[in-house]
């Protein structure tokens, strides 16, 4: 097992709190820090798992704080969380671009734009009234004298 710095431990803990799998986190650590860690070693930083029985309070607190801010009151199902979906779409777009699959990258970017533009949220908004004075005058004229 590789000895990890506090920076790497914080990275692992926060990534796991954001619903990344231990495999994804191990790959991200390799890419970000150039350190090879196993998925089992990453899993020891997730206080919701049995493997983390020796995890320090500092790291458990960081995990729970990060998870709470990430979820912002949403369900505990990762894919139901907008931020999770955006992170996945970001990874897809990056991988597709690296593979020179620009069509897939554009689809992921379009999907992310729809996600952030509330395309999948059912909002009812009142239509703005451009000329409220004219509407009021028209209503007053229609009133019986």
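Taking one equal scatterer on every alpha-carbon of the range 74-120, how large is log10 of I(q)/I(0) by Debye at q = 0.20 1/Å?
-0.63
For residue 97 and residue 116, calculate 0.36 nm times their separation in residues minus their Cα-Cα distance, and state this gained length in nm to one decimal.
Contour length minus the Cα-Cα distance gives 4.8 nm.
Based on other C-beta atoms within 10 Å, arrange 35, 79, 92 from fewest to most.
Neighbour counts put them in this order, fewest first: 79, 35, 92.
More than 14 angstrom separation, counting every C-alpha pair in the range 1-73; what % is that?
Everything past 14 Å amounts to 54 percent.
Quick one: order 102, 84 by neighbouring beta-carbon count within 10 Å, fewest to most.
Fewest-to-most ranking of 102, 84: 102, 84.
Counting other C-beta atoms within 10 Å, which of 89, 104 has the fewest, and how do the rest follow?
Ranking 89, 104 by Cβ neighbours within 10 Å, fewest first, gives 104, 89.
Every number here is computed from the coordinates shown, using simple stated rules; none is lab data. All of these numbers come straight from a predicted model, not from anything done at the bench. Positions of Cβ are backbone-derived with ideal geometry, glycine not excepted, and every protein chain shown enters the neighbour counts.
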